[in-house]
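Quick notes on the structure that follows.
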Amino acid sequence: MTTAELPVIAAVDGSWRSYEALEWAARDAVRRGLPLTIVHVRPLNRRTSQEAQRREAEELLAEAVGRVAQVAPTLHTSTLAPMDFPAAALTALSEHASLLVLGSRGLGGFRSLLIGSNSLTTASMARCPVVVVHSGRAEEEGAEGAEAAEAAEAAEGTFSDIVAGVAADESSEAVLDFAFEAATTRPGARLRIVHGWTMFSSMLSGGPVFDRDAAAGAAERTLAELTAGRPEKYPQVEVVQEPVHGSASHTLVTASATAALTVIGRRKGGEELGFGLSPVAQTTLTHALGPVAVVPC
């Protein structure tokens, strides 16, 4: 089975955020022409018998299949219920997936947390791109449960832009490949390619140090070089290049509020934070107001 044939995997745990992510995954699988695998990871718990956990998993997965049937009635679905630590199981399954889709927090998440530990850990370790579906737009308005899911579905129909955050290095190749492919599955979608720069980053890259106009020009040239050839390969995608002076993570978080999907790279450099995420990726994933795709690179 090639990468193009591998399924989209959606993880569910019974929380409304996981069901919101499930419905997002179902619609995306239809767009990509891929099957959907629904996964519920049974936690390692000595207080509950394996038989009880198995029955609970079957009921939960049956409900999930029913929800998918309402969103995408022709989509081919399958289910899995492995027993393991959630992040470990999902990371292992990611090797056989084209995309892994998670909710931002599960049943065990504290309301004060912007993203759950399982979602963050999986995004930092998975072998395929991971989409974390945030409910930030709905939660800012105080919506929860079915109300939030309806708001998220309406937002997906309203916002069509794909936003890709790129750096001035080879890590951007995988990000751009994923972003352009995502844009082609959404007719009429515009791809905004964002590159944040500062005078300090210009200095570190060997560019202008004191001339801001010259540094801005260098950022524009860098962005043009990064995207060279792709507009011709994907002529159906409208591309907007946005070199932005200032914090890349702030720009991406702001852009996520009106984006169908924000795409970032899982660059090295975040090991000091305890995860394989760069500081920009960590901040964007934590504070985004819409779905975020984290691409291994």
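Here are a few things to note about the model shown:
- Ser15 satisfies every condition listed in (1) within 19 Å of the chain's Cα centre (by Cα); (2) modelled with pLDDT of 95 or more except (2).
- Checklist (1) open to solvent by less than 70 Å² (accessible area, probe 1.4 Å); (2) within 23 Å of Leu261 (Cα to Cα) applied to Ala89, failing item: (2)
- Given (1) of a type outside the set (S, T, N, Q); (2) touching a Lys or Arg at 6+ places or on another chain (Cβ under 6 Å); (3) open to solvent by 50 Å² or more (accessible area, probe 1.4 Å), index of the condition Glu51 fails: (2)
- Figure legend. Inter-residue proximity from region 271-289: first residues farther than 21 Å from Trp197 by Cβ, second residues part of a loop (DSSP other than H, G, I, E, B) and at pLDDT below 75, beta-carbon distance below 6 Å, spacing 6+ or different chains. Indicated pairs: Thr286/Leu114; Thr286/Ile115.
- The set of residues in region 267-297 that are open to solvent by less than 40 Å² (accessible area, probe 1.4 Å) and either modelled with pLDDT under 85 or basic (Lys, Arg) (or both) comprises Gly269, Gly270, Gly276, Leu277, Ser278.
- All positions within region 220-249 that are free of Cβ contacts under 8 Å to residues at least 40 places away in the same chain and in a helix (DSSP H, G or I): Glu220, Arg221, Ala224, Glu225, Pro231, Glu232
- Residue that is assigned to a helix (DSSP H, G or I), modelled with pLDDT of 90 or more and of a type in the set (Gly, Ala, Ser), where the choices are Ala214, Ala255: Ala255
- A Cβ distance below 7 Å, combined with a sequence gap of six or more or placement on separate chains, defines the contacts here; from region 80-96, residues that are closer than 24 Å to Glu5 by Cα and hydrophobic (A, V, I, L, M, F, W, C) reach residues that are assigned to a strand (DSSP E or B) and open to solvent by 30 Å² or more (accessible area, probe 1.4 Å) in the pairs Ala81/Arg42.
The values are calculated or read from the model by the stated rules, or taken from the named source; none is laboratory data. In this text, all values refer to a predicted model and were calculated from it rather than measured experimentally. Here the Cβ is made from the backbone with ideal geometry for all residues, glycine too, and neighbour counts use every protein chain on show. The protein model used for the area step is the full one, side chains on, heavy atoms only, and it has no ligands, DNA or RNA in it. Shrake-Rupley method; radii C 1.70, N 1.55, O 1.52, S 1.80 Å.
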